[in-house]
Amino acid sequence: MAQRHRASHGSLFLMELIFSILLFTIIATICISGFVKAHTLSRDASLQTHYATMAGNVAEVIRSGDDWDSTIDEILAYYPETSVISSDGSEETLLSDSTLKISNLPRTIHIYFDKDFHPCGIKAAAYCAEVNLSYEDALLTADIGIRIGGNTAHVYELSIDHFFHRVTEE
């Protein structure tokens, strides 16, 4: 009889151990899924911050010009491999302000960034800042949209206005 009592006590311990392992597994699964979700949210927030920074940097370069020519010079100084979309839809490198005259607006320019968010050419591009420029009554409007790779949808958008002050000589 003593043998039988020990066997039932041993099976009770085994059942407790199995239950503890099952409970630990369920809790670990819940915690791991929480960590994965937190990592995904953190990565997405980091990318959104990078997109906002890219668009903000482009906006500040556009705002830094006192007139149209100096604005194009600033864009080319910071982003030398900028390209302009011609009226027929083809893309050509923006070499100087003569390529993009204010009378030809509205126009679209593309500024490319690599996977580390540094300005680059079209071949190494992972991201594209698509800048739609329009001009009316000394007010330059730039609609900036950030795209990933060859996608046409914008993941971030920013619109700015920049007034060109007219300097009068006395």
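A short reminder: the numbers here are calculations on the coordinates, not readings from a lab. Because the structure is predicted, anything quoted here is derived from the model rather than measured. A quick note on method: Cβ atoms are made from the backbone with ideal geometry, for glycine too, and the neighbour counts reach across all protein chains shown.
Local charge sum around CYS120 (other residues, Cβ-Cβ under 10 Å, Lys/Arg +1, Asp/Glu -1)? Around CYS120, the charge tally is -1. Other residues whose C-beta falls under 13 angstrom from the C-beta of HIS154 contribute a net charge of -2, scoring Lys and Arg +1 and Asp and Glu -1. Let's test the formula: R0 of 30 Å, r as the Cβ-Cβ distance of ALA126 and SER86. What FRET efficiency results, to the nearest 0.05? Using R0 = 30 Å, I get an efficiency of 0.80.
Rg and Dmax, both from the Cα atoms of the range 41-163 and both in Å, are 13.8, 45.
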